[in-house]
Amino acid sequence: MTDKTMTADEAVSRLRSGMTLGIGGWGSRRKPMALVRALLRTEITDLTVVSYGGPDVGMLAAAGRIRKLVAAFATLDSIPLEPHYRAARERGAFELMEIDEAMFLWGLQAAANRLPFLPVRAGLGSDVMRVNPALRTVTSPYEDGETLVAMPALRLDAALVHVNRADRRGNGQYLGPDPYFDDLFCAAAERAYVSCERIVDTAELTKEAAPQTLLIQRHTVAGVVEAPNGAHFTSCAPDYGRDEAFQKHYAGTPWPQFAEQFLGGDEPAYRSAVQAWHKERHEH
């Protein structure tokens, strides 16, 4: 059986500027932040990012890596609007396709099933259609004749997701209360890279939790990265919660200052800088 394990840097080395990149998780929950930090260490830019946005979007936007964003929101959950995303958007740094959460879901479903679009009621009668003039409607070919939004497939060149456990072959497992849509991101992508808190033997995946937690299947995954604490500072329940204090610091710190303090080195350097920041905070 194929061993798909690699480092975060090896995973992002397979990405290219100009790609359409899907990023799993939801808001400030179980985001593949170690992979995002690895991406920020490269020169890759001009990305179309597809995400239920959180600090992944905020960091990539602040660093000037996004050409176009497809999102339903960009939030830190306990901080309603991602501040670095907001600042980049206010200065017109990228194009935005802002759509309803259900439309986003159906776009991923269409891509996962290799369909050009899927009909959906969401968006009708709202400003979604006004702010996205490229969206089209279709008429049902059946007796009802209903008009529906034709949500285009959100086809991805690559996807990055983070889960609690994975095996070396690419089967991924979430142990928290919500799978979000990580499996659809993987299925919608040409190549998906899964980071996890811990790589385990395949047999162990069903010891820890029920088989229905194994939504990410190896045939959709090109690479597996063991990244303990790899969702920090977002949550990765039940392994750890969100680092609220550090998230608040991120939100309130000018981007160049934050990037210099925490993102100047590799992942171990990031963890050391975070630990030093917490220690200094407690001492004061």
Counted residues, the stretch 219-268 - those being assigned to a loop (DSSP other than H, G, I, E, B), under 24 Å from LEU175 (Cα atoms) and not charged (D, E, K, R)
13
Among strands (runs of 3 or more DSSP E) entirely inside the stretch 104-218, those with 2 or more residues being within 25 Å of GLY53 (Cα to Cα) and in contact with a Lys or Arg (Cβ under 8 Å, 6 or more places away or on another chain) are 147-152, 156-166, 189-199
Those residues of the stretch 233-264 which are more than 22 Å from the chain's Cα centre (by Cα) and either under 19 Å from PRO32 (Cβ atoms) or among the acidic types (Asp, Glu) (or both) amount to GLU260
For the stretch 157-211, which residues satisfy the criterion of being hydroxyl-bearing (Ser, Thr, Tyr) and either free of Cβ contacts under 8 Å to residues at least 24 places away in the same chain or surrounded by fewer than 17 Cβ atoms within 10 Å (Cβ to Cβ) (or both)?
THR202, THR206
Residue ID - surrounded by the fewest Cβ atoms within 10 Å (Cβ to Cβ), chosen from residues in the stretch 27-76 that are touching a His at 6+ places or on another chain (Cβ under 6 Å) and not hydrophobic (A, V, I, L, M, F, W, C):
GLY58
Test result for ALA87, surrounded by 14 or more Cβ atoms within 10 Å (Cβ to Cβ) and not in a helix (DSSP H, G or I)
no
Which residue out of PHE246, PHE258, PHE233 is at pLDDT 95 or above and closer than 16 Å to ILE23 by Cβ?
PHE233
Just checking, how many residues over the stretch 221-231 are in contact (Cβ under 8 Å) with a residue 40 or more places away in the chain and surrounded by fewer than 22 Cβ atoms within 10 Å (Cβ to Cβ)?
3
Residue satisfying all of: in the stretch 7-26; among the hydrophobic types (A, V, I, L, M, F, W, C) and assigned to a loop (DSSP other than H, G, I, E, B); surrounded by the most Cβ atoms within 10 Å (Cβ to Cβ) among these
LEU15
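The values are calculated or read from the model by the stated rules, or taken from the named source; none is laboratory data. Bear in mind the structure is a predicted one, so any value in this text is a computation, not a measurement. Cβ coordinates were reconstructed from backbone atoms using ideal geometry, including for glycine residues, and neighbour counts include every protein chain displayed.
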